[in-house]
Amino acid sequence: MKAYITLITNDTYAPGALVLAHRLRDIGSIHDLVCLVTHQVSNHVRALLLDRCYTRLVDVQELFTTRFENLLLLGRPELGATLTKIQLWGLTEYTKLVFLDADTLPIRNIDDLFSRPAFSAAPDTGWPDCFNSGVFVAEPSDSIYQGLLQMATDKGSFDGGDQGLLNSFFCHWPETPQHRLPFTYNTTPSAVYSYLPAYREFKQKISVIHFIGKDKPWHHTQRFADGSLFKPAGTDTEFLQLWWDTWDRHYGKHISPTSLISPVNTSSGHHHHHHEQPQQHHLHHPPPSEQTITWDMINIQPPTTTAKDKAHTTSGTHGNVKGPPLIKQKDIPEKSAPNTVQADRIGLHSGELPHYTFLQSSTFTEATMLEFELDHRARMTK
């Protein structure tokens, strides 16, 4: 028995898991779809996953890194629970599994991956002698599962997440070309570094897009009435649009991911599934609350801590890392938003562009405002 498998440790990545499964079905995949879930995934989301697209859900216990400081080097402390995915090797009723991160998007049918040997993966853009663990082919095995648990306990992960651990365990991957998937099976157009000539040359061969980093497709909620993204053109824009087109096809343009997905519920209890969960192992408790690491979840600077500001904030979480209070954008007076770029500073006139307040971030900066104007003008002249 073969299956695609993914993981969500809370409700935050549920939009990605839903679109991933729908996309696999849209492109004609015939295999089972399995999702590993933890106790932090709410019953509401579990029902959506099962009712809408997934064949089965498997309850697993979160496994936390013992090398949390290494995640800080990546600037990604929210990845502390990604070791949880190694529990897929305990599902020995499957002969082969293709793992896909919930922030991946298949572009064409990829059922051919099941003909690849285990362990197969594509190179990582940051260090090509390592593989990226967002897409890989695996054969469940009790011995491999126990070996991974032992290594995680004794040695830990050099990057603090699952990718470092898996690269250490499957250390012969660089020496075995038959286990090296083409980069087109795990293409990362949102990466800071990209080889644009190669991207243009091989774009038509891309099979899977991987939206790495903090910025995910479901965060891009500013769209025109026709559903097109309000975003300057880039290497990832076309694929972000495909993600949203898939969402719209199955849920409609007027239902947003945030309105469909309930907030994280850590007391959701257990949901009835079609599979008995594998043996549980707990490597490390999350950092105590007094050592909780704050981070900028959506690239907005944390607000000040005055009583007035607290009245306009809401607490944010991602995984098991407490985020800073998030300012509700609709409540921000324009004068209190630092680095705000006003439309009239680049020659836009009233009525030419929908009114938005752009907070300076990796997505909206003054340098890109002109691109927004040109993109909007181009749309208006079509």
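Data for the structure
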| read-out | value |
| --- | --- |
| Ordering of 5-16, 246-257, 209-220 by burial proxy (mean other Cβ atoms within 10 Å per residue, highest first) | 5-16, 209-220, 246-257 |
| Cα-projected label distance for E201 with L260, points at 7 Å along beta-carbon direction, nm | 3.8 |
| FRET E, pair K253, T55, Förster distance 30 Å, beta-carbon r, rounded to 0.05 | 0.60 |
| For peptides 161-174, 42-55, sequence by mean Cβ density within 10 Å, most packed first | 161-174, 42-55 |
| Spin-label model distance (nm) - E175 vs H44, 7 Å beyond Cα toward Cβ | 5.2 |
| Percent of Cα pairs exceeding the 27 Å cut-off, where the set is region 2-261 | 34 |
| Where labels lie 7 Å past Cα in the beta-carbon direction, separation of N109 and E93 in nm | 2.7 |
| Full-extension gain in nm, R25 to D129, via 0.36 nm per residue minus C-alpha separation | 34.2 nm |
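No value in this document is a laboratory result; all are computed from the given coordinates. Since we're looking at a predicted model, the values are computed, not measured. Virtual Cβ from ideal backbone geometry, glycine too; neighbours counted across all protein chains shown.
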